[in-house]
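Chemist: What follows is a single structure, and I will ask about it in a moment.
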Ligand SMILES: [Mn+2]
């Protein structure tokens, strides 16, 4: 049984490749785009005079940087004057309307899996398959159809492309993505793949991890931490996700200041507390806040605290009494504990780390009372 569909129209793509032409593959660099570009370059390399890859964005995520480093991927940086250095252009994992830099490029090849726009892009060879979870899946089919056995680094890159775009097969994936992933496993380096996928943090973030781990305050069944100034609010998401990997932590609120804005990221198991309604009840009055049961975010101007210590300002707010949903009233759920604590806690300082037993005690006493 063949692994993949046969693609007779691929011949049309090969006809576009000639030995006297210099090709540039343009991408908006993410793992799927980078792996797809590597695969297309592999298809082109012995058929054209020269082929390069150029990215229109900077790669900053540590796992993506790890992919670039370990697969020894060389990419040019796009600049307005780059086009005259090449004769032909290809676009993978994007369509011309996705980025201003792509708009006026006369593409010969476009291969993508994002939804189709109303007017489809024009090129000599276009294949856009929204029913694929990753462009890497498409390119794996191309390699298979062309009898090109992917080398170790290319196979690993393609696997990482599929893994990323399908969130490790937790969303938007199809049979063909699984088949491609499975096929690539024969050629890929599993140790390298997990090294890339697990390169999740930058070294400069470790100070914030240290701060987060040593400055946590118990709030009912959850944890609150404020890390101060951050150069990108994404680190707050990473910290909150990290805390949720600790068995004892049922929900977490991680706050930080980004410029003049205070951002608080909420993460939870979706059971102990609906963090979406929690965030929205406590913070929508002073900024924007909301989310769903297990993920939420609040943002407000730092000036709202009126000069009060921000860590304390947020802590007080997190302990304010909540309007309790009916279901929670019936169950005598956590909101009650929070109310009891808030009354007791008024005017007091946040408990020091290690002082958590007191808060937990208050929480326990709160349970079961009418
Ligand atoms: Mn993609």
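Values quoted throughout were computed directly from the atomic coordinates according to the rules given, and no laboratory measurement underlies them. What you are looking at is a predicted structure, and each value in this text was computed from that prediction instead of being measured. So basically every Cβ, Gly included, is an ideal-geometry build from the backbone, and we count neighbours across all protein chains shown.
Chemist: Counting only the backbone N, which residues of the stretch 127-169 are under 13 Å from the spot 7 Å out from the Cα of residue 114 toward its beta-carbon?
Modeler: Under cut-off, by backbone N: 129-130, 135.
Chemist: Please give the Cα centre distance for the stretch 213-269 versus the stretch 2-77, rounded to the nearest Å.
Modeler: The stretch 213-269 and the stretch 2-77 have Cα centres spaced 38 Å from each other.
Chemist: Additional query: Order of 249, 235 from fewest to most other C-beta atoms within 10 Å?
Modeler: Result, fewest neighbours first: 249, 235.
Chemist: Here is a further query. Mind telling me which of 195, 317, 297 comes out most flexible in a GNM of the chain, alpha-carbon contacts under 10 Å?
Modeler: With Cα springs under 10 Å in the chain, the top fluctuation among 195, 317, 297 is at 317.
Chemist: Continuing with the same structure: P(r) of the chain in 10 Å steps, Cα pairs, percent per bin?
Modeler: The calculated distribution, bin by bin, is 5, 21, 24, 18, 16, 11, 5, 1, 0.
Chemist: Of the residues 268, 285, 133, which exhibits the maximal mean-square fluctuation in a Gaussian network model of the chain defined by a 10 Å Cα contact cut-off?
Modeler: Fluctuation is largest for 285.
Chemist: Could you grab the relative contact order for the chain? Cα pairs under 8 Å, six or more apart, rounded to a whole percent.
Modeler: Values: 651 pairs, mean separation 40.8, N = 370.
Worked out over the chain, it gives 11 percent.
Chemist: Which of 186, 179 has the fewest other C-beta atoms within 10 Å, and how do the rest follow up to the most? Walk me through the numbers on the way to the answer.
Modeler: Details: 186 9, 179 16.
If I rank by nearby Cβ atoms, fewest first, I get 186, 179.
Chemist: Mind sorting 278, 86 by how few other Cβ atoms lie within 10 Å of their own Cβ, fewest first? Could the numbers behind the result be given before it?
Modeler: Numbers: 278 26, 86 20.
Neighbour counts put them in this order, fewest first: 86, 278.
Chemist: Still on this structure: Provide the percentage of antiparallel DSSP beta bridges, counting only those with both residues in the chain; round to the nearest 5. The partial results should precede the final answer.
Modeler: On the way: 23 of 48 bridges.
The answer is about 50 percent antiparallel.
Chemist: Using only helices, what value at 222 nm comes out for the chain when you add -39,500 (n - 2.57) per DSSP H run of length 4 or more and divide by the total residues, to the nearest 500 deg cm²/dmol? Can you show the working numbers first?
Modeler: Values: 14 runs with 139 residues, N = 370.
After summing the helix terms and dividing by residue count, I get -11000 deg cm²/dmol.
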